[in-house]
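The structure appears below as structure tokens.
The values are calculated or read from the model by the stated rules, or taken from the named source; none is laboratory data. Since the structure is predicted, the reported quantities are computational estimates derived from the model, not experimental observations. Here the Cβ is made from the backbone with ideal geometry for all residues, glycine too, and neighbour counts use every protein chain on show. We work out accessible area using only protein heavy atoms, side chains counted, and drop any ligands, DNA or RNA first. Shrake-Rupley method; radii C 1.70, N 1.55, O 1.52, S 1.80 Å.
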Amino acid sequence: MILTAAYSASRLAFSRLRGRATELDADALHTVMGVAMAGMLVPWLHLAPGRVWAAVFGIGAVWFGWHALPTRGPVAPRLSQSRYPVPHLVECAAMIYMLLPGHRPPGGPGMAMPGMGAAAGSQQGFPALAVILALFMLGYIVWTTDRLTSRTAQPTTAGPGSPRDHQADMSALAPRLAACTKIAMSLTMGYMLILMV
């Protein structure tokens, strides 16, 4: 997760230096999310209290939720914004869920996951939601992988019915590598959610 965060941060820097398009909001989210998830998995990497991270992801959820609304009118998102905001909205919701007080050990910053220092029975909350979020992450991995292979196999084919997808991918900063980091982040998040059940 630290490598994913570092890569996402480097995309923000290089896109500005090189004048290449990137999804600034998604890269910023993945930078923060990678650091937060690393702190959840390894307590000595914990940089901020859970309430601070939850507030950050709450702001992210509002941002991506606003951009996912179909009632915003015919305004097309700029290349600096995520073309697919719903997965990032769900990622923010999953992070908030994992940061809820019932999912952290009372004396430490890390997550209360089996085999990671949590007392048995300390889990609270709604485990069915963790399963639903983990299934979404699995679906997102499959969808992203499918888009990744279709870009490799058919570089002239546009995305889901939109020529803009192809244009954005061609001018974007390393879209295939960005897709790989999305897969890694979703895989780790799904793993963390399943451990919470």
Quiz item: Given the residues 54, 76, 94, 112, which is the only one that is at pLDDT below 80 and closer than 20 Å to residue 185 by Cα?
Solution: 112
Practice problem: Please list, ordered by first then second residue, the pairs with beta carbon atoms under 6 Å, 6 or more apart or interchain, first in the range 75-89 and within 20 Å of residue 181 (Cβ to Cβ), second open to solvent by 70 Å² or more (accessible area, probe 1.4 Å) and modelled with pLDDT of 60 or more. | Solution: 80/24
Quiz item: Listed residues 170, 137; which is part of a helix (DSSP H, G or I), at pLDDT below 50 and within 20 Å of residue 26 (Cβ to Cβ)?
Solution: 170
Quiz item: When the range 140-163 is examined, which residues are found to be modelled with pLDDT of 75 or more, surrounded by 14 or more Cβ atoms within 10 Å (Cβ to Cβ) and not hydroxyl-bearing (Ser, Thr, Tyr)?
Solution: 141, 143, 147, 148
Quiz prompt | Scan of the range 1-57 for residues that are open to solvent by 20 Å² or more (accessible area, probe 1.4 Å), in contact with a Pro (Cβ under 7 Å, 6 or more places away or on another chain) and assigned to a helix (DSSP H, G or I), ordered by number | solution = 43
